[in-house]
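The values are calculated or read from the model by the stated rules, or taken from the named source; none is laboratory data. Note that this is a predicted model, so its numbers are computed, not measured. Note that each Cβ is placed from the backbone with ideal geometry, even for glycine, and that neighbours are counted across all protein chains shown. What goes into the accessible areas is simple: the full protein's heavy atoms, side chains included, and nothing from ligands, DNA or RNA. Shrake-Rupley method; radii C 1.70, N 1.55, O 1.52, S 1.80 Å.
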Amino acid sequence: MKLSRKTARAAIAALGVAALLVSATGCDRGTSSGSDEVQLFLNGGTDTPQYKAMTDLIAKFKEEKGISVKMTAASTDYEDQMKVKLASGDIPDIFTTHGWSLLRYSKFLEPLTDRPWASKVNPGLDSAMRDSDGKIYAFPGAFDTAGIAYNKDVLDKAGIDPATITTWDAFDAAAAAVAAKGSTPIFSSGKAQGPAGHMADYLAADSFTDAELTQMKEGTFVTSAYTKVLDRVKSWQSKGWFNKDYSSASEDDMARALANGTAGFEIYNNNILASARTYNPNANVGFIPLPPTNGDTPYLIGGEGIDSFGVSKTSSHKDNALAFLDFLAQPANAAALAEANGAAAGLVDVKVDFGKLTASYDKYVTSGSTPVKPYFDRVYLPNGSWNTMVATTDSVISGQSDVTGAVAQMKNQFATLYGQK
């Protein structure tokens, strides 16, 4: 799926007119740099809890401060669209930085270290969001932690206590028990851009030894370690544990499957749990850490805050944009963003109502007892590898490629992109 940079930019530019950009304040498309409104570019679809929460906060900000914020949302290809905007100089006043405020976007962003909320950022985000001088470039709407999502009613029916799933053998036994009771063990989406990649990303986080991780950082792709990742995915695929409609299923279908109890597990970020609760507020859902592959301790995946937002350093509405971030950082508003993501708050002074997810967060996140590993691709893969990670994992799940071919494709792309650094 990875094109050359020149070809990709041309293709993206040609398709830009057709991109789904929906205004939160009307039917306008795209960002209007000539407007007096603050322009906000959101990474997410218009049918997500995050979009609704932000729409409500924008209205509240207008009522309190008299400042208008015009939001556009990109439901697909957000990163590619941002690359085009940055290259052309058409940079929104505020934009979602997701996992890249420091490594990819910091040179375009206003430092936020002196904002009144900056000292309250969860220390767990420091490695992903602060540079060597301690500067921070984005407001973290929520602390991104994830593991394996589950529907407890489905597991209860199969006689499985999720707390006992601390090894991959235990997970496989649980998946087999779920299948035996007629439910889908592992539900994912081949239609959405991301779920397959997240699955590989989470598994890869503990599939490499420290020495192998050093090799990756120094430019040597460790084929044997990455093969472990896709071998596990292939084993699930060969047992028929993925949903039969995988190729056509959407991220929305993933949320519904958890909400209505047709899926036992999903390996994706925790906002899928928040989405599930919008379909069924009483859904008995939660999450567990991922079992270890090399070590002996289950782990969570974490990185930069979800719904993190930076302000363009060239913004012509900088004061108003900064005021909006300060507004988002107010405890009640920050809590609303975190709850919409089904995630912990990015600021330590914010309390979040997790509903039925409270037990999982208290046990694994709030207590600080579970180690959090970074997103593998953001630390150990060269920029641009994500699309290949998605495509190769998807090809194994869909049966279009074997593990050897998929790993070879990853290795070739790694070598090509590393050489461009």
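Consider just the alpha-carbon atoms of the stretch 63-216 and return their Rg together with their Dmax, both in angstrom.
Expressed in Å, the Cα Rg and Dmax of the stretch 63-216 come to 20.8, 58.
Would you mind classifying the stretch 100-191 by shape? Square roots of the alpha carbon gyration tensor eigenvalues, ordered a ≥ b ≥ c; an a/c under 1.5 is rounded, otherwise it is prolate if a/b is larger than b/c and oblate if not.
Details: a/c = 3.71, a/b = 2.97, b/c = 1.25.
Prolate is the answer for the stretch 100-191, as a/c is 1.5 or above and a/b outweighs b/c.
Using a 10 Å cut-off on Cβ atoms, rank the peptides 42-50, 250-258 from the highest mean neighbour count down.
250-258, 42-50
Please name which of N270, A415, T145 has its Cα lying farthest along the dipole of the chain towards the positive end, using unit charges on Cβ (Lys, Arg +1; Asp, Glu -1) and the Cα centre as origin.
A415
Say the dipole of the chain comes from +1 at the beta carbon of Lys and Arg and -1 at that of Asp and Glu; which of T366, A338, L213 then lies farthest toward its positive end?
Result: L213.
With r as the distance between the Cβ atoms of T262 and T209 and R0 = 45 Å, compute the FRET efficiency 1/(1 + (r/R0)^6) and round to 0.05.
On the way: r = 38 Å, r/R0 = 0.84.
It comes out at approximately 0.75.
Alpha carbon centre of the stretch 361-385 versus the stretch 265-318: separation in Å?
10
With each pseudo-label sitting 7 Å past Cα toward Cβ, what's the S224-A87 distance in nm, one decimal?
4.0
Give the Cα extents of the stretch 180-236 along the principal axes, in whole Å, largest first.
45, 25, 14
Take the alpha carbon atoms of the stretch 322-344, find their center, do the same for the stretch 157-171, and report the distance between the two centers in whole angstrom.
34
If amide hydrogens are placed 1.01 Å from N in the peptide plane, which non-local residues have theirs closer than 5 Å to the one on V285?
For V285, the qualifying residues are K152.
For the stretch 270-282, take each phi angle, set θ = phi - 60°, evaluate the Karplus expression 6.51 cos²θ - 1.76 cosθ + 1.60, and give the result in whole Hz per residue in order, putting x for glycine and proline.
Working through the residues one at a time gives 6, 5, 5, 6, 5, 5, 4, 5, 6, 7, 8, x, 9 Hz.
What number does the stretch 201-336 give for Rg over Rh if you use C-alpha atoms and the Kirkwood radius? It would help to have the intermediate numbers written out before the result.
Details: Rg = 19.9 Å, Rh = 18.6 Å.
Computed over Cα atoms, the ratio is 1.07.
How big is the convex hull of the Cα atoms of the stretch 368-421, per residue, in Å³? Numbers along the way, then the final one.
Values: hull volume 5.2 nm³, N = 54.
Here the figure is 97 Å³ per residue.
Under a point spin-label approximation (7 Å from Cα along Cα-to-Cβ), what is the D47-D349 distance to one decimal in nm?
Each label point is offset 7 Å from its Cα along the Cβ direction, giving 3.9 nm.
Could you give the dipole magnitude of the stretch 285-419 about its Cα centre, charging the beta-carbon of Lys and Arg +1 and that of Asp and Glu -1, in debye to the nearest 20? Please list the in-between numbers first.
On the way: 8 positive and 12 negative charges, 41 e Å.
Dipole of the stretch 285-419, to the nearest 20 debye: 200 debye.
Which translational diffusion coefficient, to the nearest whole µm²/s, is obtained for the chain from the Stokes-Einstein equation, given a Kirkwood hydrodynamic radius over C-alpha pairs, 10 °C and 1.306 mPa s? Can you show the working numbers first?
Numbers: Rh = 21.9 Å.
Approximately 72 µm²/s, per Stokes-Einstein.
Where does the charge balance sit around T227 when Lys and Arg score +1, Asp and Glu -1, over other residues with C-beta under 14 Å from its C-beta? Intermediate values should be presented prior to the final figure.
Values: positive: K228, R232, K234, K411; negative: E212, D231, D402.
Residues near T227 contribute +1 overall.
Quick check on the stretch 308-369: what does the Kirkwood estimate of hydrodynamic radius come out to from the alpha carbon pairs, in Å?
Working: mean 1/r = 0.0767 Å⁻¹.
When all Cα pairs of the stretch 308-369 are included, the Kirkwood radius is 13.0 Å.
Taking the alpha-carbon centroid of each part, what is the distance from the stretch 199-215 to the stretch 386-421 in angstrom?
15
Is there a quick way to get the dipole size of the chain? I mean about its Cα centre, with the Cβ of Lys and Arg at +1 and of Asp and Glu at -1; what is the value in debye to the nearest 20? Each step should come with its number before you reach the end.
Values: 39 positive and 46 negative charges, 135 e Å.
Computed charge dipole of the chain: roughly 640 debye.
Of the options P195, Q400, G261, report the single residue whose Cα projects farthest towards the positive end of the charge dipole of the chain (beta-carbon charges: Lys, Arg +1; Asp, Glu -1).
Q400
Just to verify a number: FRET efficiency for D402 and E64, C-beta to C-beta distance, R0 = 45 Å, to 0.05? Walk me through the numbers on the way to the answer.
Values: r = 57 Å, r/R0 = 1.28.
About 0.20, to the nearest 0.05.
For the chain, what is the percent of antiparallel DSSP beta bridges, rounded to the nearest 5? Could you put the intermediate results ahead of the total?
Numbers: 22 of 36 bridges.
Restricted to the chain, the bridges split so that about 60 percent are antiparallel.
Quick one: which residues, 5+ away or cross-chain, put their amide H under 5 Å from the amide H of T97? H built at 1.01 Å from N.
S308, F309, G310
Using packing as a proxy for protection, rank 95-102, 267-274 so that the peptide with the highest average count of other Cβ atoms within 10 Å comes first.
Details: 95-102: 25.0, 267-274: 26.6.
Most protected by this proxy first, the peptides run 267-274, 95-102.
Run the dipole for the stretch 93-175 about the Cα centre, Lys and Arg Cβ at +1, Asp and Glu Cβ at -1, nothing else charged, and hand back the magnitude in debye, nearest 20. If you can, show how the numbers build up before the last one.
Values: 8 positive and 12 negative charges, 58 e Å.
With only Lys, Arg, Asp and Glu charged at Cβ, the dipole is about 280 debye.
For the stretch 46-89, what class follows from the C-alpha gyration tensor (a ≥ b ≥ c being the square roots of its eigenvalues): rounded when a/c is under 1.5, otherwise prolate if a/b is larger than b/c, else oblate? Don't skip to the end; give the middle numbers.
Working: a/c = 4.94, a/b = 1.62, b/c = 3.06.
Oblate, because a/c is 1.5 or more while a/b does not exceed b/c.
Could you check the simple spin-label distance between S248 and T166, using points 7 Å along Cα→Cβ, in nm with one decimal?
Taking the two extended label points, one gets 4.3 nm.
For the pairs K70/K313; K234/K411; K191/K373; K152/K363; K52/K120; K83/K135, flag any whose C-alpha to C-alpha distance is greater than 20 Å. Kindly include the intermediate steps, with their values, before the conclusion.
Numbers: K70/K313 18 Å; K234/K411 18 Å; K191/K373 27 Å; K152/K363 16 Å; K52/K120 25 Å; K83/K135 23 Å.
Table pairs above 20 Å Cα-Cα are K191/K373; K52/K120; K83/K135.
Can you work out the Karplus-derived ³J(HN,Hα) for every residue in the stretch 142-159? Use 6.51 cos²θ - 1.76 cosθ + 1.60 with θ = phi - 60°, whole Hz, and x for glycine or proline.
Listing the rounded values in order: 7, 7, 6, 10, 8, x, 10, 6, 8, 9, 5, 4, 5, 5, 4, 4, 8, x Hz.
Could the peptides 203-215, 309-321 be put in order, highest first, of the mean number of other beta-carbon atoms found within 10 Å of their residues? Intermediate results must be reported in sequence, preceding the final value.
Details: 203-215: 18.2, 309-321: 19.8.
Final packing ranking: 309-321, 203-215.
Compute the accessible area per residue over the stretch 83-189, keeping the other protein chains in place, probe 1.4 Å, unit Å².
38
Which residues in the stretch 66-85 place their backbone N less than 19 Å from a point set 7 Å from the Cα of D36 along the Cα-to-Cβ direction?
66-71
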